[in-house]
Amino acid sequence: MRLQKDSSSRDNPGRLHKDDGKQKPTRYFSNRQEKSIAKAVGGRQTANSGATAYSKGDITEGDRKGWLMEAKTCVKDQKTFTMQEEWFTKNREESLFMKKDYTAVVFNFGPDKPNYYCVDERTFLEMKNALDEINNQ
């Protein structure tokens, strides 16, 4: 089937839906990214992107402890990505509710681009120290 382009698709060619030529909703890209992250870290995608009263964040990993991750994606390829302090603050607050020790904001520069994991300094230093110990054995 041939894709039909409309005026709004010129700016977002990657958002065309293969079946009807219409733009894919943002949720399509978010869901795809969340599934990819969950698979990569051995975690679980949170139902409704954490918008329920009992489950927060986009991805969780580990039972009582572990990680709470917030996923941010672009619906088309970008050269830059702006981070917002609110994402980190909200993720940290939700991690306390979910009893998770670690948080990350995960972003990419567009569909089919690699994910990047942003962590706070305490978490980074713990990871660095663990890697230093492994490499010095």
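Relative contact order of region 14-135, please, whole-number percent, based on alpha carbon pairs below 8 angstrom and at least 6 residues apart.
This gives 20 percent for region 14-135.
Pairs exceeding 23 Å between alpha-carbon atoms, taken from Lys72/Lys113; Lys24/Lys56; Lys35/Lys113; Lys65/Lys90; Lys56/Lys113: Lys24/Lys56; Lys56/Lys113.
Share of Cα-Cα pairs in region 14-135 beyond 16 Å, in percent?
Working: 4736 of 7381 pairs.
Every Cα pair in region 14-135 considered, those over 16 Å come to 64 percent.
Legend: ranking of residues Glu133, Glu126 from fewest to most surrounding C-beta atoms inside 10 Å; resulting order Glu133, Glu126. Among Trp87, Trp67, a tally of other beta-carbon atoms within 10 Å of each Cβ gives an order, fewest to most, of Trp87, Trp67. Remark on region 72-137: hydrodynamic radius 13.7 angstrom, per the Kirkwood mean of 1/r across alpha carbon pairs.
Bear in mind that the values in this text are calculations on the coordinates, not laboratory data. Every value quoted in this text rests on a predicted model; they were computed, and no experiment measured them. Virtual Cβ from ideal backbone geometry, glycine too; neighbours counted across all protein chains shown.
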